[in-house]
Amino acid sequence: MLNGKRMNRSALVQVYQGGETELAFGSQGPDLNSIPSIAIKSLEILRDGASAQYGSDAIAGVLNYQFRNAPSGFQIDGRYGKYFPTGYSSDGGDGQIAANIGLPLGSQGFVNLSAEWSRNQQTVRNPTRPSALAFAATYPNLASQLPHYPGPVQQWGTPPSDAVKTLLNSGIKLDSGDQIYFFANYANIQTNESFNYRLPKTVTDSSGNTFSHHPLV
């Protein structure tokens with residue numbers, strides 16, 4: 001939940017019954033990774049049936065994220081890290097910059113804006129596949145077209161990613177004691193994941209091992 005309101009990407013949470021629509025089961029799950037962490041003021045956790053006050057869908061527990069609501073102030077955070085593993089080249093640079101600003105909205109309101117940018121670089125913790133080495137030896141003129149050449153064709157580790165996340169939280173108190181509120185979230189997260197490598201041709205290495213090409217790939 002966000003500020004005590006249920007977090008859904010659509011009003012149609014679960015209406016599918018079967019057939020082809022069954023493929024969409026669980027498609028409305030909340031993505032907490034889209035929220036910049038600097039925007040969170042506090043987190044309330046209810047782990048049992050006490051959460052029934054939120055409805056039957058939350059009977060097993062609730063995470064209620066409360067967003068910052070300060071009408072003033074400014075904060076900026078930054079970090080950077082990198083791996084220096086034994087036996088491998090340094091890689092996996094991980095950087096992030098986040099900022100939060102609070103502004104007044106009239107005499108009884110606030111506008112609080114948070115933004116975050118992050119970039120994670122690739123980590124590689126594996127050798128290349130023997131089938132790819134055999135392909136490069138058999139077709140040296142095509143070796144440069146192998147994925148990530150001359151590195152592993154299938155990279156096992158953290159994939160490279162870029163992310164921009166923003167969140168706006170605002171509200172204004174009325175003389176009656178009620179409140180008009182508005183909050184919105186936007187995120188764009190791009191990740192380049194290494195998938196399974198498939199041989200374009202059947203090849204045999206110098207030891208006589210044969211690696212087959214699957215006709216469907």
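The values are calculated or read from the model by the stated rules, or taken from the named source; none is laboratory data. Owing to the predicted nature of the structure, the values given are computational and were not obtained by experimental measurement. So basically every Cβ, Gly included, is an ideal-geometry build from the backbone, and we count neighbours across all protein chains shown. Ligands, DNA and RNA are stripped out before the accessible areas are found, and what is left, the full protein with its side chains, is counted by its heavy atoms. Shrake-Rupley method; radii C 1.70, N 1.55, O 1.52, S 1.80 Å.
Conditions tested, residue by residue: (1) open to solvent by less than 60 Å² (accessible area, probe 1.4 Å); (2) under 30 Å from LYS165 (Cβ atoms); (3) assigned to a strand (DSSP E or B); (4) among the aromatic types (Phe, Trp, Tyr).
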position: ALA70; (1), (2), (3), (4): yes, yes, no, no
position: LEU103; (1), (2), (3), (4): no, yes, yes, no
position: SER107; (1), (2), (3), (4): no, no, no, no
position: VAL124; (1), (2), (3), (4): yes, yes, no, no
Quiz prompt | Members of the stretch 58-101 that are touching a helix residue (DSSP H, G or I) at 6+ places or on another chain (Cβ under 8 Å), among the aliphatic types (A, V, I, L, M) and modelled with pLDDT of 95 or more | solution = ALA98, ALA99
Quiz prompt | Residues (assigned to a loop (DSSP other than H, G, I, E, B) and more than 30 Å from PHE84 (Cβ to Cβ)) located in the stretch 126-147 | solution = TYR139
Quiz item: (1) surrounded by 14 or more Cβ atoms within 10 Å (Cβ to Cβ); (2) assigned to a loop (DSSP other than H, G, I, E, B): which one isn't true of ILE172, the others all being true?
Solution: (2)
Quiz item: Mind checking which residues of the stretch 186-205 are polar (S, T, N, Q), at pLDDT below 95 and assigned to a strand (DSSP E or B)?
Solution: THR191, THR204
Quiz item: Which residues, counting only those in the stretch 207-216, are at pLDDT 90 or above and farther than 25 Å from GLY157 by Cβ?
Solution: SER207, GLY208, ASN209, THR210, SER212
Quiz item: Would the stretch 110-119 turn up any residue that is of a type in the set (A, V, I, L, M, F, W, C), open to solvent by less than 80 Å² (accessible area, probe 1.4 Å), more than 27 Å from the chain's Cα centre (by Cα) and within 30 Å of GLY87 (Cα to Cα)?
Solution: no
Exercise. Take GLN155 and decide whether it is free of Cβ contacts under 8 Å to residues at least 60 places away in the same chain, open to solvent by 60 Å² or more (accessible area, probe 1.4 Å) and out of contact with any Phe, Trp or Tyr (no Cβ under 7 Å at 6 or more places or on another chain).
Key: no
Exercise. Just name the residue that is nearest to the chain's Cα centre (by Cα) out of those in the stretch 129-150 that are in contact (Cβ under 8 Å) with a residue 24 or more places away in the chain, open to solvent by 30 Å² or more (accessible area, probe 1.4 Å) and within 17 Å of HIS213 (Cα to Cα).
Key: PRO147
Practice problem: Hey, can you tell me all the residues within the stretch 83-101 that are free of Cβ contacts under 8 Å to residues at least 24 places away in the same chain and open to solvent by 60 Å² or more (accessible area, probe 1.4 Å)? | Solution: PHE84, THR86, GLY87, SER89, ILE97
Practice problem: Answer with yes or no whether GLY177 is exposed (fewer than 14 other Cβ atoms within 10 Å of the Cβ) and at positive phi. | Solution: yes
